1. Starting from the range 74-85, take each residue that is closer than 15 Å to GLN49 by Cβ and without any contact (Cβ under 8 Å) to a residue 40 or more places away in the chain and list its partners that are open to solvent by less than 80 Å² (accessible area, probe 1.4 Å) and of a type in the set (Ser, Thr, Tyr), counting only C-beta distances under 8 angstrom and pairs at least six apart or across chains.
2. Might you check whether a residue that is among the hydrophobic types (A, V, I, L, M, F, W, C) and open to solvent by 80 Å² or more (accessible area, probe 1.4 Å) occurs anywhere in the range 63-85?
3. For residues in the range 1-40 being open to solvent by 60 Å² or more (accessible area, probe 1.4 Å) and among the hydrophobic types (A, V, I, L, M, F, W, C), which is modelled with the lowest pLDDT?
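The values are calculated or read from the model by the stated rules, or taken from the named source; none is laboratory data. Quick caveat, the model's predicted, so the values are computed rather than measured. Cβ placement follows ideal geometry from the backbone for every residue including glycine, while neighbour counts extend to all protein chains displayed. Keep in mind that these areas ignore ligands, DNA and RNA; they rest on the heavy atoms of the full protein, side chains included. Shrake-Rupley method; radii C 1.70, N 1.55, O 1.52, S 1.80 Å.
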Amino acid sequence: MVDFTTVENLIKSNLKDAIVKVTDLTGSKDHLGIMVISDAFQGKILIKQHQMLMDILSEKLKSNEIHAVQLKTMTHEKASTAGLK
């Protein structure tokens, strides 16, 4: 189980322009839905975007504070187009 604010701050400390939303997928607070909007994803294919986040979250995953994640990533432009910003 992990504090969602800790996860948000961890991502924001690595991706300075990030907008982060963390949700609990199962009620156990260790299966997380994480949406990240950042221009650091510009020009990167989806798997590379997700690898960036998995690298950031690696210690939390190794320590079993987070058991599973569902990732959604996009740039600020794409988020605006999708009406998410």
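1. Within 8 Å, the pairs are THR75/SER38.
2. Of the residues in the range 63-85, the ones among the hydrophobic types (A, V, I, L, M, F, W, C) are 66, 68-69, 71, 74, 79, 82, 84.
Narrowing the set further to residues that are open to solvent by 80 Å² or more (accessible area, probe 1.4 Å) leaves 84.
Yes, the range 63-85 contains at least one residue that is among the hydrophobic types (A, V, I, L, M, F, W, C) and open to solvent by 80 Å² or more (accessible area, probe 1.4 Å).
3. MET1
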